[in-house]
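Below is one structure, written out as structure tokens; comments come after it.
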């Protein structure tokens, strides 16, 4: 029997998603209705949502390139309400022992301090527990940065990536399109929110 997909939510945090955020992605707030639909669908269908989450501290290397954002404990670090589920487990960005059944939770939050979620030392253990070759429904921000790293890492590890193009947003449109092309070149698919929640086939 085919396993259920895993939803993978990339960095849908206030500092990126809201116009007043420290590193606002112009237009990202328009994703909120689709993000809500995906989150609610996952809860209804008992689909696990893995959510990467910047958990920065003063002096992080990333601040040499971008202004400080998503600092631990600040309102800007929080996930927007449309992407929050109540039964969560947080995986810190340090070596940790994972619970034996992460699927008992609705949402697993993976903290990170770099663009690439695979810098969290627990990622491969998490994926091993979820099961090799699973279908991953991927969405969030920013297309050409953190979404790019997540997609590439998942594809390299043999997962089937379906990127939700109307629940993903870029800073640079040209670079964003290049990421979408890369995903397709490596065997991933582009889908819409309607196709995910309505069970329609990808184009």
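Where a number appears in this text, it was derived from the coordinates with a stated rule and is not lab data. Remember, predicted model here, so these are calculated numbers, not experimental data. Heads up, the Cβs are rebuilt from the backbone with ideal geometry, glycines too, and the neighbour counts pull from every protein chain shown.
Examine the stretch 38-48 for a residue that is in contact with a strand residue (DSSP E or B) (Cβ under 9 Å, 6 or more places away or on another chain), at positive phi and either without any contact (Cβ under 8 Å) to a residue 60 or more places away in the chain or surrounded by 13 or more Cβ atoms within 10 Å (Cβ to Cβ) (or both), and state whether such a residue exists. I'd like the intermediate steps shown before the answer.
Kept after step one, since they are in contact with a strand residue (DSSP E or B) (Cβ under 9 Å, 6 or more places away or on another chain), are these residues of the stretch 38-48: 38-39, 41-43, 47-48.
Next cut, at positive phi only: none.
The answer is no, given that none of the residues of the stretch 38-48 is in contact with a strand residue (DSSP E or B) (Cβ under 9 Å, 6 or more places away or on another chain), at positive phi and either without any contact (Cβ under 8 Å) to a residue 60 or more places away in the chain or surrounded by 13 or more Cβ atoms within 10 Å (Cβ to Cβ) (or both).
Taking residue 67, is it more than 18 Å from the chain's Cα centre (by Cα), loosely packed, with under 13 Cβ neighbours inside 10 Å and not in a strand (DSSP E or B)?
yes
Kindly list the number of the only condition in (1) part of a strand (DSSP E or B); (2) more than 16 Å from residue 168 (Cα to Cα); (3) in contact with a helix residue (DSSP H, G or I) (Cβ under 6 Å, 6 or more places away or on another chain) that fails for residue 89.
(3)
Is there a residue in the stretch 116-134 that is within 17 Å of residue 17 (Cβ to Cβ) and in contact with a helix residue (DSSP H, G or I) (Cβ under 6 Å, 6 or more places away or on another chain)?
As a first pass, look at the stretch 116-134 and keep what is within 17 Å of residue 17 (Cβ to Cβ): none.
So far as the stretch 116-134 goes, no, none of its residues is within 17 Å of residue 17 (Cβ to Cβ) and in contact with a helix residue (DSSP H, G or I) (Cβ under 6 Å, 6 or more places away or on another chain).
Which one is farthest from residue 114 (Cα to Cα) among residues in the stretch 70-81 that are crowded, with 19+ Cβ neighbours inside 10 Å and in contact (Cβ under 8 Å) with a residue 60 or more places away in the chain?
80
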